[in-house]
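The values are calculated or read from the model by the stated rules, or taken from the named source; none is laboratory data. Just so it is clear, the model here is predicted, and its values are computed rather than measured. Don't worry about glycine lacking a Cβ; one is built from the backbone with ideal geometry, like all the others, and counts go over all protein chains shown.
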Amino acid sequence: MADNPFVYGEIVTAAAFADREIERDRLSRDLLAGQKVFLISPRRYGKSSLVRHVLRGLAKQGVLTVEVTVASSSSYVGFLEAYARALLLADTPAGRLRQWTSDLLRSVRPEVRFEAAPTGASRFAIAFPSAQSDRDITRLANEVFALPGRIAAARKRRMAVALDEFQAIASFNGGSIEHALRAAVQDQRQVGYVFAGSEPSLMERMLTSKRPFYKAGPVMRLEKIHQDDFASFLEGRFAGSGIRPEAGLGAAIVELAGNVPYDVQRLAHELWDDMRAAGRKTATLDDLHATLSRLLQEHGPMFEEAWQRLTLAQRATLRALVLEQGREVLSADVRARHRLAGASSVQSSLAGLVKADLVTKDGPRYTMVDSLLREWVARQTY
Ligand SMILES: Nc1ncnc2c1ncn2[C@@H]1O[C@H](COP(=O)(O)OP(=O)(O)O)[C@@H](O)[C@H]1O
Ligand SMILES: [Mg+2]
């Protein structure tokens, strides 16, 4: 029996990966050339998946690859520890880690431990207990940020470093971390970097003329996957796993999911499960709507909570936005039709909705981040 061919909620590689060939080639080429690339898109568009895919390809060509999620750390020093650990681990035999660490990080006195892991293997951990004052931390950061260059030189290999959810860097320590990192990376010819970030407005601001990363390297803005390509990818995978898709099914899934890769895979995955559970050989548009209803029902309590956290003005604005497909929400016409208050009040509701991460601006349109929540608002609110 075939497994569900659709994957969501984790980084997808090879088999579940659609399209993105141009982006893959470009990112791969830039990293190999030692460029410092900025990769920007809203959440759930596929940045991490793309980066993982490209790094795997580079590793096969002998490049040392390192991947760290900046947003997973709760402090600056915590990030430096996680980053140093990942860099030191890259392709290093376990028996050499201790020596390797003290060779490379002489001046900052790291504490190295091998913690017992549940699997029985031991887990390499590194800490910098002596970094206390801001000055210590700055010195430590300079050491850690210089590591990739030293490792590439010592190993005589090219290196590719991915710092994911990079926008989180701003929360650690204002501008000085940007300065330190920029200064370090620009000298490292053998090391390609990709700084992937999920909050486009924060990331774009980081690249403006008064900030350290201004003109540091190429910027890739990851767009949605082309609608038709994604639709035929879906239909191909249904057919390939023994469930024949009714004509137009792929396009309908992409459309209902707002063409956000995560949402597309979620809907396809859940539909496939429903078909398999019912022992069906064909999936129809009606089946798709049944699956959607089930998902809406399951998410109901969560969506209700989100709805109740909003002010009345925000609820009204959100409904108008959904019903108007995000167009002209500020116009007199739309405001009258949906009994909204003045443009400035709608504007501030929109700002609140964007801040709450419920809505994003997609060109001139405002769209809802979560396509399921959008359907729920359209059907279950008044
Ligand atoms: N190229 C792709 N083809 C198919 N599905 C994808 C692709 N990229 C992402 N996805 C889907 O979107 C989800 C989120 O992708 P992810 O890489 O985590 O996005 P991001 O890092 O931008 O938040 C994945 O779990 C997967 O379901
Ligand atoms: Mg990601």
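Taking the criterion of being within 16 Å of the chain's Cα centre (by Cα) and among the hydrophobic types (A, V, I, L, M, F, W, C), the residues of the range 249-266 that qualify are 260, 264.
Only one residue in 240, 258, 248 is touching a residue at least 40 places away in the same chain (Cβ under 8 Å) and surrounded by fewer than 16 Cβ atoms within 10 Å (Cβ to Cβ). Which one? So that I can check it myself, show each step before the final result.
Values: 258 fails: surrounded by fewer than 16 Cβ atoms within 10 Å (Cβ to Cβ); 248 fails: touching a residue at least 40 places away in the same chain (Cβ under 8 Å).
Answer to the selection: 240.
Checking the range 89-107 against the condition returns no match, with no residue being surrounded by 21 or more Cβ atoms within 10 Å (Cβ to Cβ), of a type in the set (A, V, I, L, M, F, W, C) and within 18 Å of the chain's Cα centre (by Cα). Filtering 52, 85 for residues that are under 30 Å from residue 259 (Cβ atoms) and among the charged types (D, E, K, R) leaves a single hit, 52. Residues in the range 189-199 that are of a type outside the set (S, T, N, Q) and either in a strand (DSSP E or B) or modelled with pLDDT under 90 (or both): 191, 192, 193, 194, 195, 196, 197, 199. Close Cβ contacts (under 9 Å, 6 or more residues apart or on different chains) running from residues in the range 279-293 that are touching a residue at least 60 places away in the same chain (Cβ under 8 Å) to residues that are surrounded by 15 or more Cβ atoms within 10 Å (Cβ to Cβ) comprise 292/256; 292/267; 292/270; 292/271; 292/372; 292/375.
Please pick out the residue among 14, 59 that is more than 15 Å from ligand 1 (Cβ to nearest atom), surrounded by fewer than 18 Cβ atoms within 10 Å (Cβ to Cβ) and hydrophobic (A, V, I, L, M, F, W, C).
Working: 14 fails: more than 15 Å from ligand 1 (Cβ to nearest atom).
One residue alone meets the criteria, 59.
Conditions tested, residue by residue: (1) in a helix (DSSP H, G or I); (2) outside the structural domain of residue 30 (by TED's automatic domain parsing).
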site: 168; (1), (2): yes, no
site: 201; (1), (2): yes, no
site: 212; (1), (2): no, no
site: 215; (1), (2): no, no
site: 229; (1), (2): yes, yes
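Counting only residues that are in contact with a helix residue (DSSP H, G or I) (Cβ under 6 Å, 6 or more places away or on another chain) and in contact (Cβ under 8 Å) with a residue 24 or more places away in the chain, how many does the range 265-278 have? Count: 3.
For residue 76, the criteria (1) within 20 Å of the chain's Cα centre (by Cα); (2) closer than 30 Å to residue 360 by Cβ; (3) crowded, with 17+ Cβ neighbours inside 10 Å hold in every case but one, which is (1). Residues in the range 307-321 that are touching a Leu at 6+ places or on another chain (Cβ under 9 Å) and buried (at least 17 other Cβ atoms within 10 Å of the Cβ): 307, 310, 314, 316, 317, 318, 320, 321.
Regarding residue 184, is this residue modelled with pLDDT of 90 or more and buried (at least 18 other Cβ atoms within 10 Å of the Cβ)? Yes: the conditions hold for residue 184. A single entry from 103, 91 fulfils the requirement of being modelled with pLDDT under 90 and closer than 24 Å to residue 195 by Cβ: 91. For the range 331-366, the set of residues classified as surrounded by fewer than 12 Cβ atoms within 10 Å (Cβ to Cβ), outside any helix (DSSP H, G or I) and either basic (Lys, Arg) or at negative phi (or both) consists of 339, 342, 364, listed by residue number.
So, in the range 17-29, of the ones that are under 12 Å from residue 51 (Cα atoms) and touching a residue at least 60 places away in the same chain (Cβ under 8 Å), which residue ends up nearest to ligand 1 (Cβ to nearest atom)? Checked the range 17-29; the qualifying residue nearest to ligand 1 (Cβ to nearest atom) is 20. Can you pull out every residue in the range 121-140 that is out of contact with any Ser or Thr (no Cβ under 8 Å at 6 or more places or on another chain) and buried (at least 17 other Cβ atoms within 10 Å of the Cβ)? Residues satisfying the conditions are 124, 128, 131, 137, 140. Kindly establish whether residue 206 is more than 16 Å from ligand 2 (Cβ to nearest atom), within 25 Å of residue 53 (Cβ to Cβ) and at pLDDT below 95. Yes: the conditions hold for residue 206.
Per-residue answers, yes or no, for (1) farther than 25 Å from residue 34 by Cα; (2) out of contact with any Leu (no Cβ under 6 Å at 6 or more places or on another chain):
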residue	(1), (2)
85	no, yes
94	yes, yes
97	yes, yes
108	yes, no
113	yes, yes
132	yes, yes
145	no, no
155	no, yes
